[in-house]
Amino acid sequence: MTIEAVINLDLGGPRINRHVYGHFAEHLGRCVYGGFYVGEDSEIPNQDGIRLDVVDALRALDIPNLRWPGGCFADEYHWQDGIGPRPSRPAMVNTHWGGVEENNHFGTHEFMALCELLGAEPYISGNVGSGTVREMSEWVEYLTRDGDSPMARLRKANGRDEPWRVRFWGLGNEAWGCGGTMTAEQYAQEARRYGTYCRDYGDNTLYKIAAGANGDDYAWTETLMKQLGPLGCRHIPGTTYHAVSVHHYTITGPNWENKGSATVFDTGEYYATMVSAARIEEILAGHAAVMDCYDPNRGVGLVLDEWGTWFDVEPGTNPGFLYQQNTLRDALVASVHFDVFHRHAGRLVMANIAQTVNVLQAMILTDPDTNALVLTPTYHVFAMNRGHQDATSLPVGFRTALPARPVGDTTLTTVSMSASRTDGRLLVSLSNLDAAEAADVAIDLRGGVVEAVEALILTSEALQDHNTPQAPSAVAPRPHDGVSISGGTLRVHLPAHSFVTVSGTL
Ligand code: AHR
């Protein structure tokens, strides 16, 4: 049976903020050290210690922003320990992630240099959990204040004359847990206090993001939305934070102690993973609905600043380093998330996959022994979807029911789609989540003429297939010939467990 869909090319929807294709790099395992940063003396080609093959691979994705330094690490990070000559920077214990020593060799200057190399905007997560208001306030001054001031002088003394531009500023992380174990009410007060003293210097305007809910904790979002304003002080215009965040991880196993393997799984586990991933629709819709009550004009942003799969670590690796392989299953988790992001473009202003290199659902894995770099199946989804960044989201309607299958006590819809347009181009993304059955889609393209369609497909024989240094392209995009267009109807064949993008000129 063919699924019949409709896309109205002339009906504009919201813009898909390019920042929903954002990234996240924490001082965790081999994400920063060994991933992004290898040090100036490394034999791996680097610029000031930053690994250049990683930069090149990420530049090809047009990554819009990078969140740093955590995560849980952000709330025990003291930025002044990470500036000045590296040999004299004090070390600390990374208590969340393996209890290893952090030498602070990758700090503010290194991170900003990385963002410059990537062409990405920095998103800095400040320390609310164990820091002070003064410490956070001075970090903003250090980074963004021009002219003469104590922190600007310190920055200049450390070799950087010009201030940097920093827009995205996180007021802590997971305040309900590793960021201070606070109640929503307590944290909202802290966010207001910290937010008040994070100043805009010159024409640098901060976009402050309050640490948000865990999954479907809508009450947390409601508390933050109630507390947004400055309580009528006429010297402090606007709100004390501009966005609220939320985190949702895709978990397969029955509990955190047993999350299942990233590469060894059966079809039942695969479907359980996809059900967990698909929950992002309900979670974003739930938070958006709460926000709509307090902010009907959608001035406040929703930021999903951590998402992705979380499996058991690879056997033999440090359990605190969260290193996992990445299969075609991960790619389909990503493609389904992006469809949801495109549908919620009116409220969702940013999303950050956790995490970019060597941690959780990574784009890039680096081999500590051979230094080889591997692009994961998830990387390829980001690449194939790149054209959605800043495009206009187009709603996709269906004339026939979408295929679905029972999974445990719920139902999984097995075909997912989203579409967007720019001035001259249509991009349609389609995922077939069924492990064994192909699907065919006929899309009635109305309100415009689409020509010269091209398609790419990401699939593989087995859902467990993944890329390694020995087989780096086992799962990689290939041209797809199962696509045709005639009489305004776009027909797409979707093999079992596949992700397809179709682009056409308008
Ligand atoms: O991404 C790994 C961790 O997951 C982050 O540090 C934390 O914010 C979340 O619990």
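Structure notes:
- Simple Cβ-charge dipole of the chain, Lys/Arg +1 and Asp/Glu -1, about Cα centre, in debye nearest 20: 1300
- Protection proxy ranking for 380-387, 256-263, 400-407, using the average of other Cβ atoms within 10 Å per residue and placing the highest first: 380-387, 256-263, 400-407.
- For region 63-213, the solvent-accessible area works out to 37 Å² per residue, with a probe of 1.4 Å and every protein chain left in place.
- Computed over neighbours whose Cβ is under 14 Å from that of H27, the net charge equals -4, Lys and Arg +1, Asp and Glu -1.
- Note on L506 and S88: the extension gain reaches 144.7 nm, defined as 0.36 nm multiplied by sequence separation minus the Cα-Cα distance.
- Surface accessible to a 1.4 Å probe, per residue, for the residues of region 338-396, Å²: 22
- Anisotropy class of region 66-106 from Cα gyration tensor, a/c 1.5 cut: oblate
- Net charge of Cβ neighbours under 11 Å - reference L328; Lys, Arg +1; Asp, Glu -1: -2
- Cβ-placed point charges (K, R +1; D, E -1), dipole of region 8-117 about Cα centre in debye, nearest 20: 300
- Stokes-Einstein D in µm²/s, Kirkwood radius over Cα pairs - region 176-318 at 37 °C with 0.692 mPa s viscosity: 192
- Averaged per residue, region 403-506 has 44 square angstrom of accessible surface, using a 1.4 angstrom probe with ligands and nucleic acids left out.
- Expressed as a whole percent, the accessible surface of the chain that belongs to carbon and sulfur atoms is 50, based on a 1.4 Å probe.
- Inter-probe distance in nm under a simple model that places probes 7 Å from Cα toward Cβ, at V449 and S473: 3.7
- Region 19-128: C-alpha gyration tensor shape, a/c 1.5 cut-off, then a/b vs b/c: oblate
- Summed side-chain charge close to L206 - residues other than L206 whose Cβ falls under 9 Å, Lys, Arg +1, Asp, Glu -1: +2
- In order along region 64-76, the Karplus-derived 3J(HN,Hα) couplings, from 6.51 cos²θ - 1.76 cosθ + 1.60 at θ = phi - 60°, round to x, 7, 9, 8, 6, x, x, x, 3, 4, 4, 8, 10 Hz, and Gly and Pro are given as x.
- 3J(HN,Hα) along region 375-389: 8, 8, x, 4, 3, 5, 5, 4, 5, 5, 8, 3, x, 6, 4 Hz, from the Karplus curve 6.51 cos²θ - 1.76 cosθ + 1.60 with θ = phi - 60°, whole Hz, x for Gly and Pro.
- Remark: the Cα gyration tensor places region 347-506 in the prolate category, a/c being 1.5 or greater and a/b exceeding b/c.
- Per residue of the chain, the DSSP helices (runs of n ≥ 4 H) give a summed -39500 (n - 2.57) that works out to -7000 deg cm²/dmol at 222 nm.
- Rotationally averaged projected area of region 77-215 (alpha carbon convex hull; nm²): 9.0
- Of the residues A211, V290, Y123, the one whose Cα sits farthest toward the positive end of the charge dipole of the chain, with +1 on the Cβ of Lys and Arg and -1 on the Cβ of Asp and Glu, is V290.
- A straight line joining the Cα centroids of region 164-233 and region 9-24 runs 24 Å.
- For region 82-87, 3J(HN,Hα) computed residue by residue from phi via the Karplus equation (6.51, -1.76, 1.60; θ = phi - 60°) reads x, 10, x, x, 4, x Hz, glycine and proline entered as x.
The values are calculated or read from the model by the stated rules, or taken from the named source; none is laboratory data. Keep in mind it's a predicted model, so treat the numbers as computed, not measured. Don't worry about glycine lacking a Cβ; one is built from the backbone with ideal geometry, like all the others, and counts go over all protein chains shown. Note: accessible area is taken over every heavy atom of the protein model, side chains too, but ligands, DNA and RNA are not part of it. Shrake-Rupley method; radii C 1.70, N 1.55, O 1.52, S 1.80 Å.
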